[in-house]
1. Solvent-accessible area of D360, probe 1.4 Å, all protein chains present, reported in Å² to the nearest ten, please.
2. Distances over 24 Å make up what percent of all Cα-Cα pairs in the stretch 431-532?
3. Amide H to amide H under 5 Å from T217: which residues, 5+ apart in sequence or cross-chain, H placed 1.01 Å off N in plane?
4. Please give me, ordered by residue number, the trypsin sites (Lys or Arg not before Pro) of the stretch 458-496 that lie in loop per DSSP and have at most 15 other Cβ atoms within 10 Å.
5. If I model a spin label as a point 7 Å beyond the Cα along the Cα-Cβ vector, how far apart are those points for A202 and N344 in nm?
6. If the chain between T179 and R496 were fully stretched, how many nm would it gain, using 0.36 nm times the residue separation less the Cα-Cα distance?
7. Remind me, relative contact order of the stretch 139-249 in percent, using alpha carbon pairs under 8 angstrom and six or more residues apart?
8. Using the Karplus curve 6.51 cos²θ - 1.76 cosθ + 1.60 with θ = phi - 60°, work out ³J(HN,Hα) for each residue of the stretch 294-311 in order, rounded to whole Hz, and write x for Gly and Pro.
Amino acid sequence: MAAEGGNPSLGGAGRRFYNFLRVPKAPCTGLRKPHPGRGVRHCGRFARTALESENAGNQTERKMQKSILAAATSLAILVVSAPALASGGPSGPHVGYPVQGHIGEVIVNPYKVAPLTAVIRDGGYELSDVTVRIVPKAKGQEIKYKVSRTELKTHAGVPVFGLYPDWQNTVEVSYTRTTNGTNPKSEKITESYRIYCGPAYAPSNGTTAQKSGLFNTKVIKVEKGFEDRLYLVNNILDHYPQAERAVWNNPTGGSLEWGGYPQVGIIDTKGELRWYLHAEPIFDASSIYQGGVMMGFRQNDDGMLTWGYGQRYAKYDIMGREVFNRRLPEGYDDFSHALEPMQNGNYLVRVSSANYKRPDGRNVRTVRDVIIEVDPEGRVVDEWNLNNILDPYRSTVIKTLDQGAVCLNIDAKLAGHTMSAEELAAIDKSDNFGDILGTGAGRNWAHVNSVDYDPTDDSIIISSRHQSAIVKIGRDKKVKWIVGSHEGWTGDFAKRLLKPVDASGNPIECDEYYNVCKKDFDWTWTQHTAWRIDVKSDKRWFYLSVFDNGDGRGMEQPALPDMKYSRAVVYKIDQKKMTIEQVWEYGKGRGHEWFSPVTSLTEYHKDKDSVMVYSATAGMAGAMDMRAPSPFINEFKWGAKEPSVEIRILDAMGYQAMPFDVQKAFSAAK
């Protein structure tokens, strides 16, 4: 019932506003009885008594009331308070999104960073027994997986992964749909959805080297048993002009200027792009704390992805949902290369010190020479500062390196040139610090590009490119063993050098400094990804997979640049006898075509008992703005001499690539 003088068509707030604005009738007294035909006579000398005059006034009032009512209704909606809104009436039971099937609406790219994903919302039902199949293109690769209840609840529906870009995808979904209430009913449903995804986004670096987006591939070989593989590719759009515009100060040093745009995607064995990271919402190349180089991607045991970039490290699921995206802990800068999940739930992070006082009293930011262990909450559990563990003035390897390609610092004008002892000494006396080749804290003397953990003795294993050495270091910060040439190691370090043996355990003859050995044994030179093969190792025997880039092989540059080659290699270390056996290698016979001067990966995978290899900068030559590399993806059955898979990614600066397990991504605990 309307309030007195109100309008019943309005809510409470509207009535109050209407009553406030409506034209009042002036009260008066002394009214006389109406005279037939003459109307009411009002008191006061200004009163009107004609009936026509009163009727005209009533019409004017009604028009004014309609205008005021419309304005009052609109304004009441705008100004109503939250409590008033809550008491005003229902918001409506209808959900107005179009649906294709028997549950809810389809949301493409639900978390803004994974455009080839979607969620089919559950529509308010309980879902179970869910299977998703992405129908392949003609002669394409099927993607099919089951979805756990945890993932269904996390995403409020069915997560869809592996859609083709610029394509109307057909997605087959089967599920059990259960109603709510005390007497639920279940129904098994199988249905198809049509989902379009737009073209993959790829920015430009403005050079002639960039000829395509994500990714231009050439499939050369895929053997039976590997047709279902998906490969996560971590590439970098180098020479990105929005990046590399700032350096550190107070103190100087570090590698802040090292940047590039991320090219991260998942391809199938047909060479088709099935997922990519749209970095824009979480990445800004021009920002100190949002830029950097995205590196160190790993699929964790829980199926999620971790990686780092610049001053951050992050964890997301494959749908793009953020678990964390954090600044590095205070006191540390410049993540690159390695964010390694540990068996204890912590992470090993390759960083640099933000303020290190050198023995000469100068404060600097160090370069790629510190590893920290952080717990899931981001607290620093431990630190390995290699300036305090190894010899930062061991220059034996540094003097042999090709100055044209020092990791991703590419300068074609310096190709083939090396540094002398005099040049290194002069640099050390100067105030030139930062991401430059040199010795001592504050320069790129170590260049650690991978880190791993051995739970059997609580140690870490690091790969130091600029020492051409793989080093195992205990929790006590003591060196346990060193893989590499014996030249230049002194004191206690010399006692930790491994000696090569053949398959029978017999010593292999080498030159004075163990730079060159017989029986086809070789060390790794400027290597990457020195990782323990956990399922084949124990407390005594340590299986080690490495990508041997090959620059400075044998402690020298070859007579001709095209004599250089790279290898994928597996070693077997007897930690009791301090010996090392080379059990497998590949790449020497491929020669310079397969040579990668920087980056790359070798890694064992137990699901297929295979070795994954990414020769990530094969074909890199000359100025980078003229020709980009064309990396090779290879995968080998354990011990095989030839690969079961070979896929080439054309005109791209590669970093790492690895198999991606889609079922693991959607199999969180039920």
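1. About 80 Å², rounded to the nearest 10.
2. It works out to 29 percent of all Cα pairs.
3. L650
4. Those that pass, being in a loop and sparsely packed, are R475, K477, K478.
5. 4.3 nm
6. Length gained between T179 and R496: 107.5 nm.
7. The normalised contact order for the stretch 139-249 reaches 21 percent.
8. 6, 8, x, 5, 9, 8, 6, 4, 8, x, 8, 9, 10, 6, x, 6, x, 9
The values are calculated or read from the model by the stated rules, or taken from the named source; none is laboratory data. All values reported here derive from a predicted model rather than from experimental measurement. Glycine also receives a Cβ, built like all others from the backbone with ideal geometry; neighbour counts cover every protein chain displayed. Note: areas computed on protein heavy atoms with side chains; ligands, DNA, RNA excluded. Shrake-Rupley method; radii C 1.70, N 1.55, O 1.52, S 1.80 Å.
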